[in-house]
Amino acid sequence: MQSIYLTRLLMSYGILANMIQSSVNNDKRVAHRGGGSAKKPQGERKPECRIIAIGTHKGRHNRSLDRRLKGLREGDRVVLEYGGDYCKYNWAAIASNPDGYHESELSFGQFRETYTHAIAKIKSLGAQPVLLTLPTLLPQRFFDHISRNLNRGNLLQWLGGDVCALNRWQEQFNEEVLSLAAQHQLAVIDINNAFLQHNYMENCYRSDGMHPNSIGDAVIEELVANWNSRQN
């Protein structure tokens, strides 16, 4: 890869926090996605656990976060799931000029800022933020997705001839998640390890090789449910 920026980006930060590893169980009722409140059980109220998506969408992040946290109560747990926009470069520009200087559309600073804002918001409501690791990429499938109608040879040249450079790049963002968890003393649920151990892992992803499909979402939800049940 000819870009000095991406060469630095692919340097290892080192693991900064221990990940909480969980196995899948069948209790899907203790974790749910999106905004609003889960159905309240009769009698004493147990802490609610939500999975909410966050991401650096200009002008939308704050409104989206407020909507998804509506109805949150003190003691609830909120599991933050970052969307795939950390995987964005201007691939067309790179394909046209693989020897040029190209920056990611999302910097580490922006990535951390988005998480930090969400963590502070959740804590201000008396709830407990929890972080997820990022699911690994399927590098060949992701490369095939980003290189559609582009010069694949030039893209591969910029990647140093190895599509697995995409994974090493993505891992740097995962280590940012671990760093944030250590800084704020938050629990981390290791979905990345679960995906790697899942039989036929490729069946857990959409055609872009980055976003989990319904099977992948089910793996994540059950891991979160398993973690949450251990906290009660």
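The values are calculated or read from the model by the stated rules, or taken from the named source; none is laboratory data. Predicted model, so just to flag it, every value in this text is computed and none were measured. Positions of Cβ are generated from backbone atoms using ideal geometry, with glycine treated the same way; all protein chains shown enter the neighbour counts. Note: areas computed on protein heavy atoms with side chains; ligands, DNA, RNA excluded. Shrake-Rupley method; radii C 1.70, N 1.55, O 1.52, S 1.80 Å.
Of 127, 120, 165, all but one fail to be without any contact (Cβ under 8 Å) to a residue 40 or more places away in the chain and not hydroxyl-bearing (Ser, Thr, Tyr); the exception is 120.
Out of 114, 136, report the one residue that is β-branched (Val, Ile, Thr), more than 16 Å from residue 80 (Cα to Cα) and surrounded by 15 or more Cβ atoms within 10 Å (Cβ to Cβ).
Values: 114 fails: more than 16 Å from residue 80 (Cα to Cα).
Only one candidate passes the filter, namely 136.
Among the numbered conditions (1) aromatic (Phe, Trp, Tyr); (2) closer than 29 Å to residue 52 by Cα; (3) in a loop (DSSP other than H, G, I, E, B), the only one that residue 101 does not meet is (2).
Residues in the range 71-107 that are without any contact (Cβ under 8 Å) to a residue 60 or more places away in the chain and surrounded by 21 or more Cβ atoms within 10 Å (Cβ to Cβ): 72, 76, 78, 80. Restricting attention to the range 203-230, report how many residues are over 13 Å from the mean Cα position of the chain (by Cα) and in a helix (DSSP H, G or I). Qualifying residue count, the range 203-230: 16.
Could you check the range 141-167 and list, in sequence order, the residues that are of a type outside the set (A, V, I, L, M, F, W, C), under 19 Å from residue 212 (Cα atoms) and touching a helix residue (DSSP H, G or I) at 6+ places or on another chain (Cβ under 9 Å)? Outline the logic, then answer.
Of the range 141-167, the ones of a type outside the set (A, V, I, L, M, F, W, C) are 141, 144-145, 147-149, 151-154, 157, 160-162, 167.
Within this subset, residues satisfying the condition of being under 19 Å from residue 212 (Cα atoms) are 141, 144-145, 167.
Result: 141, 144, 167.
The helices (runs of 4 or more DSSP H) found wholly in the range 127-202 and carrying at least 3 residues that are under 30 Å from residue 73 (Cα atoms) occupy 165-184, 191-197. Among the numbered conditions (1) open to solvent by less than 20 Å² (accessible area, probe 1.4 Å); (2) hydrophobic (A, V, I, L, M, F, W, C); (3) over 15 Å from the mean Cα position of the chain (by Cα); (4) under 30 Å from residue 98 (Cβ atoms), the only one that residue 156 does not meet is (1). If you filter the range 162-207 down to residues that are in contact with a strand residue (DSSP E or B) (Cβ under 8 Å, 6 or more places away or on another chain) and small (Gly, Ala, Ser), you find that the one that is least open to solvent (accessible area, probe 1.4 Å) is 181.
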